[in-house]
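Undergrad: One structure follows; several queries about it will come next.
The values are calculated or read from the model by the stated rules, or taken from the named source; none is laboratory data. A quick note: this is a predicted structure, and the numbers were derived from the prediction, not measured. Positions of Cβ are backbone-derived with ideal geometry, glycine not excepted, and every protein chain shown enters the neighbour counts. Please note that ligands, DNA and RNA were not included when accessible areas were found on the heavy atoms of the full protein model with its side chains. Shrake-Rupley method; radii C 1.70, N 1.55, O 1.52, S 1.80 Å.
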Amino acid sequence: MNTGFEQPKPATAPRIWPVGALTRAVADALEARFNPVAVRGEVSGFTRAASGHCYFSLKDDAGQLRCAMFRRAAGLLAFAPREGDEVEVRGRLTVYEPRGDLQLVVESMQRAGQGVLFEQFLRLKAKLEAEGLFDAAAKRLLPAMPRGIGVVTSLGAAALRDVLHALARRVPHIPVLLAPAAVQGVSAPAELCQALQNLYRLAQGGQAMGGDLIQGAAPPIDLILLVRGGGSIEDLWAFNDEQLARTIAASPVPVISGVGHETDFTIADFVADLRAPTPTAAAELASAPRDQWLASVDALRERIDRALRRRLDAEAQRLDWLAGRLGRPSQAVAAEHLRLGRADQRLRHALALRLERERTQLARWGDRLPRAMPPALAAEHARLQRLADRLPAALARQHASAQQRLERAALRLAALDPRRVLERGYAWLEDDAGQPVTRAAQTTLGQALTATLADGKVDLTAGARHSA
């Protein structure tokens, strides 16, 4: 029967999915629609498995998302995520098929807001680098032995205790002057700049004005440590301040930056003359251990002792050689007397023989000459006769002159005889090793000494010293 109404057609039956196929289809749809995805939220339930994979949830007031971070990506983390940390993650949204759970596979993670700060860091770094504030040629060498070390950090910082402990252990003799400043917060950059300026005045010979610095006499500052413990990029942001960087660059003395941990880098690290991985390392770089300097002093002292011993030995050998050449002056005088005496006897004998021969010859010629000899021959005869008469006197004068020269030489030699000095009341002192003793400072109470006098030696014992 036709009632005027059409009968409804039966609805199309829905497709029947296997569970696994549906979860895969949902995962494909999610990946095609959303990936890659960046999410910001609060870390909850963070755990790290023995395999190195990390599992946690991201949540906010409106929802929660399960996350997995596999070992490769987890190894690139620049910090250790903690419960409640606000983070930004990037990854792939997928479905964990065995349970059908929605899951975010995280490929990178950073603290929330760190991306913006890092971009500011890179811009400032590029600007200052272009101005030459990071040039290696401008970096100064650290002083080997600073007269004083300035430290800029917070009074309550653990870094201060570490630095002071390291300096006290390695160089307790070097004075340390603290210029306190906030190392975190809005006021930190200005306080750090002011603390550095206070130390700069001391380094340039002036005195600090006001603040917490020691008033009155202060040690000269040859090195400055700018230190702070580790923290997030926000915690360390004061050390990325442009004015602080320019203040560090204007320092009249070398500056060591020891800010954060070994993986932390700030603008202050690039501007400073030297970057230390930690505050303790900064203190160690600023101070060679006292034992090292004492060892160097001992080595130098040994070198000086060896050089002095070699010099003394060489001079002693030279003195012995000269003494062997000189001998005793009295013996030389006696030998010279004997030689001159024999020469005088030979000369006298030769002259007497020559004179006798001349007289005999003249006598023969005189007998032979006629009475009326030529005038020239007579004159020559007379001249020869005068010479013969003058010869003994000339020989006597020559002998007297030689005798005087001999006596003068004898007097000079006698003046060099050490026994003459001893005869005037002096004595030659030696220690038990045979070394000469010329000063009272060389003796000790009760030391055995030997005194050489003009007629022999006397054993002595040193008493108390008295100033001359």
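Undergrad: Calculate, for the chain, the solvent-accessible area per residue in square angstrom, rolling a 1.4 angstrom probe over the heavy atoms of the protein chains. Don't skip to the end; give the middle numbers.
TA: Details: 30600 Å² over 468 residues.
Normalised by residue count, the accessible surface of the chain is 65 Å².
Undergrad: Quick one: angle between helix 290-326 and the longest Cα principal axis of the chain, in degrees between 0 and 90, rounded to 10, please.
TA: 10
Undergrad: Pick out, from Leu285, Val458, Ala50, the residue whose Cα sits farthest towards the positive end of the charge dipole of the chain, with +1 on the Cβ of Lys and Arg and -1 on the Cβ of Asp and Glu.
TA: Val458
Undergrad: I would also like to ask the following. If the reach is capped at under 19 angstrom between alpha carbons, list the aspartates and glutamates near Lys59, excluding any in the same chain fewer than eight residues apart.
TA: Straight-line reach from Lys59, under 19 Å: Glu42, Glu83, Asp85, Glu86, Glu88, Asp101, Glu107.
Undergrad: Let me ask something additional. Can you report the principal axis dimensions of the chain using only the alpha carbons, biggest first, rounded to whole angstrom?
TA: In descending order, the Cα extents are 222, 61, 45 Å.
Undergrad: Place a label point 7 angstrom from the Cα of Glu336 along the Cα-to-Cβ direction, then list the residues of the stretch 399-415 whose backbone nitrogen is under 12 Å away.
TA: 403-415
Undergrad: What figure in square angstrom, to the nearest 10, would you give for the accessible area of Met145 with a 1.4 Å probe?
TA: 80
Undergrad: Using a simple charge model, +1 on the beta-carbon of Lys and Arg, -1 on the beta-carbon of Asp and Glu, nothing else, what dipole does the chain show about its Cα centre, in debye to the nearest 20?
TA: Working: 61 positive and 52 negative charges, 906 e Å.
In debye, rounded to 20, the chain gives about 4360.
Undergrad: Counting only protein heavy atoms and a 1.4 Å probe, tell me what percentage of the chain's accessible area is made up of carbon and sulfur.
TA: Numbers: 17010 of 30600 Å².
Carbon and sulfur: 56 percent of the exposed surface of the chain.
Undergrad: I'd like to compare 149-157, 87-95: which one has the highest average count of other Cβ atoms within 10 Å, and what's the full order after that? Please list the in-between numbers first.
TA: Numbers: 149-157: 21.2, 87-95: 19.4.
Packing proxy ranking, top to bottom: 149-157, 87-95.
Undergrad: Something else now. Report the extension gain between Tyr96 and Ala396 in nm, rounded to one decimal, defined as 0.36 nm multiplied by the number of residues separating them, less their alpha carbon distance. Numbers along the way, then the final one.
TA: On the way: separation 300, 0.36 × 300 = 108.00 nm, distance 14.12 nm.
Taking 0.36 nm per residue and subtracting the Cα distance, the gain is 93.9 nm.
Undergrad: Points 7 angstrom from Cα along the Cβ direction at Ala136 and Arg169: gap in nanometres?
TA: Once both label points are built, they end up 3.1 nm from each other.
Undergrad: Testing the spin-label approximation: label points 7 Å from Cα along Cα→Cβ at Asp313 and Arg364. State their distance in nm.
TA: According to this spin-label approximation, the distance is 7.5 nm.
Undergrad: How do 389-397, 70-78 rank on mean C-beta neighbours within 10 Å, highest first? List each step's numbers first, then the result.
TA: Values: 389-397: 11.4, 70-78: 13.2.
Most protected by this proxy first, the peptides run 70-78, 389-397.
Undergrad: Let me ask you something else. What nm distance separates the two modelled labels at Lys457 and Gln403, each placed 7 Å from Cα along Cα→Cβ?
TA: 4.2
Undergrad: Under 14 Å between alpha carbons, and skipping anything fewer than 8 positions from Lys139 in its own chain: which aspartates and glutamates qualify?
TA: Glu129, Asp269, Asp273
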